[in-house]
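What follows is calculated from the coordinates using simple rules that are stated; it is not laboratory data. If you're wondering where the values come from, they're calculated on a predicted model, not measured in any experiment. Please note: Cβ atoms are built from the backbone with ideal geometry, for glycine as well, and neighbour counts cover all protein chains shown.
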Amino acid sequence: MLHFLHHFPRSGFARTSLVLRSASTKASTPLAAAHLLYDKQYINGKWVPSSNKDSFIDVTDSNTGEIFATVADGTAVDTEQAIIAASNAFHSWSNLSLLERKRYIQQILEEYEKVKPDIANALTKELGAPQEFAKNVHSELYPSYSRQYLSI
């Protein structure tokens, strides 16, 4: 399992900081071959079940047609809670200096780089993107935008 979660207590930004998670697996197989179960959503700084507690959506590998993950079936209520949390966090984030925001983005970017191969693999499965395209284009978008922001 891959987990990373950043808390930024001084800024109050913990509630909506970037979180990447590989989820739990239903079998003890390597991550790339495992069936992933994402049974919670990250809202307001916590992993919480959907308000639609017993409903899940299968994610199909568009290359093979096989189900490779199962995710919580979020609802409009879940979305509204996430929007409110993000809106509340925005106020404290916007009060940070540019230098402080850059430090946080740099930390997030460093953690993202550690899991970028897993992200590219997931993009290949979910989107049907060729591996090299997922690796060199799709999974490179966030780092590219972050580096651009860091250059300000």
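Descriptive notes on the structure:
- Close amide H contacts of residue 59 (hydrogens built in the peptide plane, cut-off under 5 Å, sequence separation of 5 or more or a different chain): 68, 69, 70, 71.
- When you count the other C-beta atoms within 10 angstrom of each residue and take the mean per peptide, 96-105, 39-48 line up highest first as 39-48, 96-105.
- 5 angstrom amide H check on residue 50, placed H, neighbours 5+ away: 41
- Distance between modelled label sites at residue 138 and residue 40, nm, 7 Å Cα→Cβ extension: 2.7 nm
- Per-residue 3J(HN,Hα) values for the range 42-55, derived from phi via the Karplus relation 6.51 cos²θ - 1.76 cosθ + 1.60 with θ = phi - 60°, read 9, 9, 6, x, 9, 7, 10, x, 5, 5, 9, 3, 9, 10 Hz in sequence order (x marks Gly and Pro).
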